[in-house]
Structures are given as C-alpha cells and as structure tokens.
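I have placed the structure first, in the form of structure tokens, so that the comments after it can refer back to it.
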C-alpha cells in the first residue's frame with residue numbers, strides 16, 4: 001500500500017515554466033466517490049491509463065492504490081464519470097530536492113493553476129519556490145474529487161485572476 005502525502009498551493013507566477021522537466025496531458029474522471037474514498041481513471045496523453053483508488057478523509061495524507069489499465073477500458077469508464085471530467089496539463093518541476101507537479105487546468109477550470117508536492121512524511125518541510133501563492137492543502141474546493149463532483153468552476157473562476165497572477 002502506498003501513502004500519498006502532499007501539500008497543494010495556488011501558483012502566482014510563471015517562474016516554474018523554465019524549470020519544467022516533463023509535461024503530460026490528463027483527462028481525469030471520477031467513477032465513484034464516498035465520504036472518505038474515491039475511484040478515478042486518468043488517461044495520459046491519450047495513450048495510457050491508470051485506475052486509482054484513494055482511501056482516507058485527510059486532504060494531506062491518504063492511502064493510494066494505482067494500477068495501469070487498458071486505454072479502451074479507461075475511455076469507456078470515463079463516459080460514466082460522476083460530474084465534471086477534469087482536463088489539465090501536468091508539468092513536473094524539480095526544486096530543492098522535491099518534484100513539484102504544476103497542473104494547468106483546461107475545460108471547466110480553464111485558467112486555474114495549482115502546484116502540489118509529494119512528501120515522504122507529514123513533517124517534511126520542502127523549500128517553497130517563489131512562484132507559489134496561497135497554500136490550499138486543507139481547502140477542499142481544490143481537491144480534484146470535489147472539483148469534479150461538485151463543479152465549482154464558477155466559484156473558483158472568480159479567484160483565478162488574482163490567484164494566477
């Protein structure tokens with residue numbers, strides 16, 4: 001069992017763009033969710049797919065199980081998505097010994113840019129790049145599951161102009 005421990009921030013500048021080591025386009029659809037668990041599929045670059053099960057109510061640390069699945073299966077499951085199918089480009093940026101994942105949303109959340117960093121334990125204190133803005137780790141509105149199942153695009157779009165500049 002893998003444990004996912006991460007912090008999440010709004011991105012306020014473009015300084016990260018020159019440090020991108022790789023990028024991938026994601027289509028992310030939730031096919032089941034509960035109070036403390038979710039099942040999602042993610043299609044990467046239209047070429048491969050993963051099924052992910054997350055268990056745990058905490059927004060900083062959860063159990064995570066992830067498996068490669070056939071692309072055709074993922075495409076079929078995406079048609080049964082609960083709520084909004086998320087579209088984003090994920091850019092990996094290395095900074096001070098950590099890999100930051102900068103998600104640039106398209107579709108319903110176009111303009112939203114969020115960065116997350118996975119840590120080895122909850123006490124880790126990674127150096128924060130200067131292109132980060134407000135920390136939103138505990139703000140459930142920025143959970144991909146909540147964004148997909150509750151469609152907060154109008155609410156989050158109001159803060160985009162200030163959050164991404």
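Each value in this text was obtained by applying a stated rule to the coordinates, not by laboratory testing. Quick caveat, the model's predicted, so the values are computed rather than measured. Note that we place each Cβ from the backbone using ideal geometry, even for glycine, and neighbour counts take in every protein chain shown.
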Top mean-square fluctuation among 144, 25, 125, Gaussian network model of the chain, C-alpha springs under 10 Å? 125
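Rounded to the nearest 500, what is the chain's calculated 222 nm mean residue ellipticity when only DSSP H runs of at least 4 contribute -39500 (n - 2.57) each, over all residues? Show your work: numbers first, answer last.
Working: 4 runs with 25 residues, N = 165.
Calculated from helices alone, the mean residue ellipticity at 222 nm is -3500 deg cm²/dmol.
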Euclidean distance between Cα centres, the stretch 80-146 to the stretch 8-64, Å: 8
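With 10 angstrom as the radius, rank 26, 9 by how many other C-beta atoms surround their C-beta, starting from the fewest.
Values: 26 18, 9 23.
Result, fewest neighbours first: 26, 9.
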Among 57, 115, 74, which one shows the biggest mean-square fluctuation in a GNM of the chain, springs joining Cα atoms closer than 10 Å? 57
